[in-house]
Structures are given as C-alpha cells and as structure tokens.
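What follows is a single structure, written as structure tokens, with notes after it.
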Amino acid sequence: MPTISRSVPKVDFDEKVSGRAQFVADIQLEGMLHAKTFRSKEAHALIQSIKLPELPSGYFVIDHRDIPHVNYVKMIFKDWKIFAEEQVNYVGEPILLVVGPNPSLVRDLIDQIEISYTPLEPNFEFSKSVIHKSFTKGSPKEAFKKAKQTIEHTYKTGYQEQAYIEPQGMIGYLESDDKMTFIGSIQCPYYVKNALVEMLQCPEDQVRVIQAAVGGAFGGKEEFPSMIACQLALAVKKTRKPVRLIYEREEDMVSTTKRHPSLITLKAFLDEKQHLIGIKAHVSLDSGAYIGLSGVVLSRAMLAVTAAYTIHHLDVSGDVYETNTVPNGAFRGFGAPQMIFAIEMFMSHIAKALHLNEFDFRMRYLAKQGDYTSTSGVFRDPIIMDKMIEKACEVSNYHEKRALYSAKNSFKGIGMSWFLHGCGFTGSGESTHINAKVKLKKTSSGEVFILVAAVDMGQGAKTSLKKIVEVALGLEPNRVIFDAPDTDFVPDSGPTVASRTTMIVGGLLKKAADQLKADWVDGQEQIVMKRYEQPAYITWDEDSLQGDAYPAYSWGVNICEVEVNPVTYQVDIKQVWSVYDVGRSIDDRMVFGQADGGILQGIAYGYMEVMQHQKGHLRQKNLTDYIIPTSVDAAPTETYLYENPFELGPYGAKGVGELTLVGGAPAVALAIEQAIGHSIYAIPATPETIMEVLSHDQD
C-alpha cells in the first residue's frame, strides 16, 4: 500500500517569499465611499432613542428603515437580523452604518452617535433550547437495561476564533441602474447572491457576486459575508455610489462568528465482562444570539459521536441553546472537533476506570469495513486504520514513551487520537439542497476555462482543481484557466465548505473533462456541464438522522508529545506525528500544507486558544489578548499519507481540509493528561486549567 511522508523540522526560515494578489483593501473605485458599523454595547436591551450628529454633505446613515422588504439574512432560519430594530441581542450587534468619502470622518461621526437603552435581563446559560435533535442506533433501551456498570462524564469546549489573516471585507457598486455587483472576501458566492436576492426581492440577474483574493477563512467567511453584503446593498442603493466596508481586527473579533462552545455528556453502559455495549450522549451547543447554521453544526457533532469506533447501541440527543452573546457559526470541522475531543477522552477515561490498558480497550472497538456507522449507515469502503495506527506508533515510539512517561511526576506525556471525517454535505445536502453544477468551456483556440463557484481561500483549490482537469485532458497547465468565481459566469457548484471541494466539485470536473476529451473538436468552442448525482446506494432520512450520512469518510491518527513545566504548568509541544487516509492525494504539497495548518490549529484549540466573555463582552478581542500559535510554538511535525482510493472521487481523492484539524485537541489533551497524572475534561488545557485540576486533585 503506497505511503507518502513528509517531515517538517523546527527551523528558522530566512527565505523571502513574495507574490501579488488583489484583496478587497487593494481595490480602488472612482468615487468610492467608506462604511463603518455602529454597534450595540449592550448584550440585551431595548433601544429607546438614537441621537445622530449633523451629517456633512455626502455622508449617509443606513439602518433597518432602508430595508425594502425583509430584515433577515437568508440562511437556514430567518432570525438573524441585518440591522437591529427596537432591540439588541448581543454586544456588537449592528444598528446602523455611517457612510462617506473620508474614512477618518466616518469614524468621528460614529463616535458622536448617542444611544439610549432600557436594559433587559440577558441570558448566558444553556436554558433556552431553540433546536432539539435525536437519533438511536440498535436497541439502546434493551441494551442499557442489561448493563452491569455505567460510567458518565461531561466534557466542555470553548470558543475558537478563526483568526484569518485578512479581516472581513466587501465592496458593492452599481453596475447599471438596476444591477448591483459585490466583490468580497468570501467562501460562498452563491450564499451571498441568494441572501441579496432574498432581501431585495429582485430578479437573480440584478445581483452579481465576485470573489476577491481571500486571506484565509476557516469557515468564518461562509455565512457571515451575507450580512455584510446585505448592509452594503442598502448603502449602494441609497448613495448610488460604490461603497467599501472592511472590518478592523478588533471589530472583526468582537462581532463575527466563532466555533460553538459545547457541553457534551457521555454515559457508557458496560456488561459483566466490561464490554462497552452502548453509549448515551447529549450535546449542548451555544448558538449565541441567532441560530444561523447552528442546527447543522449540531447534527455534525452528533453524527461524530463514535468517531472511529463502532458501538452497537446508541441514544444520542442534542440541543442548540440561544444566549445573548455573539452568534456562532461555521468553523473548520463544523461540530466534529467538539465531539471528537469528548469521545476520545471518554474512551480513555472508561479504560482508566476499568483499570484496563487504554490502547487495547480502544482497539477493541475500532471501526471496520462493513460495520454500521453511528446513524446505521454502512462503512462500505476499506478502512485501514489498523495499519495507520501501527505506523503512527512505530514512527513516534508511542508505546515505549507511554510506558516511560507513566512514572509519577514525570511531567511528560504522549497522547494519540483516532478519528474520521465525513466528506461532503451531511445526509441529503448534496443531492437536495446543493445539487452542484460545474462547467468547462473550451475556446476555439484550445484553452479550457474551469467555471465553478469553488473558492480558493488559501487552501490550494485552484491548484488541485486545475490539476484534475489538466491531467484528464492531457493539457499543459497554461491552457487551463481557473479565474476567481463570478456568479454572472459560473454555475452554482455549492459552497467551499465541508471537505467537499476536491471530492465533489473535483469529481464533477473530472467527469466533465472526460466527456470534453471524448467530444473534443479542434477549432470549435465547446461547453460541457455536469450535475451532481447522489450514488444510488446512499439512503438518508433527515428527520430521524438515519442512514448514510456521507458518501465517504477520510480517516486520521494524531500523536502529540508534550512536556509540562512543573512550576509554571506551561505546555511545550515536543513533537507531532500524523497519518491520514485522504483517498489519493491530488497534489502532495497542497495536502501537506493543509496537514501542517490543520494539526496546529487543532492542537491550539486543545491547549492554547482562550476566549471568554464577561456578561456578553468578549475579553479576548484582539490578537494580543487572544493567543494563537506562532512558529515558536510549532513543534517538529511528521506527516504520512496512506493511499486508499475512493471509487467515486477524482483519481480516488477524498476530503482533507477539515480532517487534519479534528484530532488535534484530544491528542494534546491526552498527552497533557498523562504528563500531569490527572484527567482533563475541558479545553483549552491552559496553565491556569492545569493548576486548577491539580489543586482539586481529581484523580
């Protein structure tokens, strides 16, 4: 079985890398105005009055009264307001825009606005459920009755900020009297277009959305840019001029979506032979003030309940709770990181409670081909996790180090996580909600244009998708062109999310390229379009959450070695090893790039990145207070790829982008747990958390 490996040493780079790309901040349009948002400073209050300063000529205020039809951002639900009206529900909620030619004066005018509130009692607890979901597998009631022993723990995760390099930004302008165009730092051009059409109640051809270069996203530019676009559309409509809105870093962190905080309670049921016969689980997610995508995030968290294990009897439920805090939304992994942290810790804690070898106990339940998934679907494709785990243990000396570091007060530890990630939209999302389309256009001179809505936001989609088409057609790279998506020219191939770009969009492009090659006529313009068709064997019931949640799964193993300072409790990541099954790599450099970034982001989620609010006010609201890993924190990393081609993926490819993050937190948490000799139930496991754990002497 072919493997590909790459080791990244911890070195100082002195090479200079330069390049050019046109980001939103680089675009200049004649007569362009600048917008800034006036935001709520209250978590929950009624707006009694707003006193505006006298506006100079050429300056405007935009608020909910300028909305022609519906005051909500089109997502799944219709609760997220474009502008607050009589009431504010979180600190940072947009109330109005000030727009004008001088950005400095715009800021001054914002500072002069006076607002009077009547405070309302805010809610920061998991008490108001707005979405409830549940599913079962097997016969949990009967199985639980037979149990001779139960073990129960609750696991807690906090916010995580996407911390993309480029803050949120967009430009809107009139292309003609009745058509508006928007250029933005976005992941999902058609999400933005559809939100604009919904708010304006206009024909689709009166809205055009173009992707600018994107300086990172990680899910943070999935749904949120739709709000910015709706606000800008009102400003463009009122001023009849181009308007640009770019967030400053602190504004971005205070007001944009985060990873959902969670509480996950897991209860294990064991028989007289200490066999795990079933699990009862409940997932609580904090949506913030509006639901947004939280229902889908909840589903994805619940579906990951057994991660890379097979457990025959499950009773799984979950709730989304609304609080008066900043709304939470899409973030790389989309609910899975929370659950995979919980279940990996839980499996280890069960073994400890039973005084069994943790590795042997976990291996006993490792999923195999033909097993039923958590939702009673089937793992149809080969699962090679046993070989991947063996490789990870070999290159890291896991077993030897695990035994060595078990000595009391060693303050060294090594942790290993096993995980999977579903590729594509959950359940019937690809076939009923997205129904993706791609197009290839060949010119008479023999150039081929890739026309898809998939966005390159730094992950290398342009490289990977171009390569699929180039290889299929046998063309030189300069003859295949992939420009930034523009909704006037590209079909809706779905959002750039859910580890679907290479497998789903790339798979359609491969089919289109094969057809174009078969039908190729020199000197003639040709167009080929392909539409996604769900594999016939996929069955899914959205209401009961039963069936095949995904067409394929990618798999991974992470191992993290740490040393904890016995005085300061500072965690030092010594080395990281990873083994992944992503089907077949389309471009090794792109995959390893995703792996390096993903594991660092996942590990940081587990031990470093702290974000908390105090009565709705975020305490970490800039990159001085919110600490993310730098090159100093990045340990030497070895990554290995195992080929396990997926029949329906382009050249066997599956998803990679989210997979490389979801196992980082439990790997580092398990390593810290061994180093300090006490169990970890909450992340991030910061020095303060470790001190508290040790002071309570939990184990």
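For the stretch 247-373, give the magnitude of the charge dipole about the Cα centre (Cβ charges: +1 Lys/Arg, -1 Asp/Glu; no others), in debye to the nearest 20. Mind dumping the intermediate values first?
On the way: 12 positive and 14 negative charges, 83 e Å.
Charge dipole of the stretch 247-373: 400 debye, to the nearest 20.
Would you mind calculating the relative contact order of the chain from Cα pairs under 8 angstrom and at least 6 residues apart, reporting the percent as a whole number?
RCO, the chain: 16 percent.
I need the peptides 517-525, 422-430, 630-638 ranked by packing, meaning the mean over residues of other C-beta atoms within 10 angstrom, with the highest value on top.
422-430, 630-638, 517-525
Rounded to whole Å, give me the distance from the Cα center of the stretch 380-414 to that of the stretch 218-270.
Spelled out, the Cα-based centre of one part sits 39 Å from the other.
Give me the percent relative contact order of the stretch 492-559, please, defined on Cα pairs under 8 angstrom at least 6 residues apart.
So the answer I get is 20 percent.
What shape does the stretch 303-343 take by its C-alpha gyration tensor, where a ≥ b ≥ c are the square roots of the eigenvalues and a/c under 1.5 counts as rounded, a/b above b/c as prolate, and the rest as oblate?
It is oblate, given that a/c is not under 1.5 and a/b is not larger than b/c.
Per-residue accessible area for residue 642 at 1.4 Å probe radius, Å² rounded to 10?
The value for residue 642 is about 30 Å².
If you put +1 on each Lys and Arg Cβ and -1 on each Asp and Glu Cβ, how big is the dipole of the stretch 150-261 around its Cα centre, in Debye rounded to 20?
My answer is approximately 220 debye.
What lysines does residue 437 reach when the alpha-carbon gap must be under 18 Å and sequence neighbours fewer than 8 apart in one chain are set aside?
193, 462, 466, 510, 511, 530
Over the stretch 264-311, what is the relative contact order in percent, taking alpha-carbon pairs closer than 8 angstrom and at least six residues apart?
Worked out over the stretch 264-311, it gives 31 percent.
Set the Förster radius R0 to 25 Å, insert the Cβ-Cβ distance between residue 390 and residue 368 as r into 1/(1 + (r/R0)^6), and round the FRET efficiency to 0.05.
0.95
Would you mind counting up the charge near residue 317? Only other residues with Cβ under 10 Å from its Cβ, with Lys and Arg at +1 and Asp and Glu at -1. Intermediate values should be presented prior to the final figure.
Numbers: positive: 133, 280; negative: 315, 319.
Once positives and negatives cancel, what remains is 0.
Which of rounded, prolate, oblate describes the stretch 501-598, given a ≥ b ≥ c as roots of the alpha-carbon gyration tensor eigenvalues and a/c under 1.5 marking rounded, otherwise prolate only if a/b is larger than b/c?
Numbers: a/c = 4.25, a/b = 1.85, b/c = 2.30.
It comes out oblate by the Cα gyration axes.
Please list, in order along the stretch 496-502, the HN-Hα scalar couplings obtained from phi with the Karplus expression 6.51 cos²θ - 1.76 cosθ + 1.60 (θ = phi - 60°), rounded to whole Hz, x for Gly and Pro.
8, 8, 6, 6, 10, 4, 6
Say the dipole of the chain comes from +1 at the beta carbon of Lys and Arg and -1 at that of Asp and Glu; which of 591, 545, 623 then lies farthest toward its positive end?
545
Residue 148: which lysines have alpha carbons under 22 Å from its alpha carbon, excluding same-chain residues fewer than 8 sequence positions away?
137, 267, 273, 280, 352
Could I have the simple spin-label model distance between residue 531 and residue 175, label points 7 Å from Cα toward Cβ, reported in nm to one decimal?
It is 2.4 nm.
Taking the Cβ of residue 664 as the center, what net charge do the other residues with Cβ under 14 Å away carry, scoring Lys and Arg +1 and Asp and Glu -1?
-4
Around residue 234, with a cut-off of 11 angstrom between Cβ atoms, what is the net charge of the other residues, counting Lys and Arg +1 and Asp and Glu -1?
Charge balance in the 11 Å sphere: +1.
Would the stretch 3-136 count as rounded, prolate or oblate if I go by the C-alpha gyration tensor, calling it rounded below 1.5 in a/c and otherwise prolate when a/b exceeds b/c, oblate otherwise?
Oblate is the answer for the stretch 3-136, as a/c is 1.5 or above yet b/c matches or exceeds a/b.
Less than 20 Å apart at the alpha-carbon level, and either on another chain or at least 8 residues along: which aspartates and glutamates does that give for residue 517?
447, 470, 476, 525
I'd like the per residue volume of the convex hull spanned by the Cα atoms of the chain, given in cubic angstrom. Please list the in-between numbers first.
Values: hull volume 115.0 nm³, N = 699.
Looking at the chain, the number lands at 164 Å³ per residue.
The values are calculated or read from the model by the stated rules, or taken from the named source; none is laboratory data. This is a predicted model, so every value here is computed, not measured. When we count neighbours, we look across all protein chains shown, and the Cβ atoms used for this are built from the backbone with ideal geometry, even at glycine. Areas reflect the complete protein model, heavy atoms only, side chains present, ligands, DNA and RNA absent. Shrake-Rupley method; radii C 1.70, N 1.55, O 1.52, S 1.80 Å.
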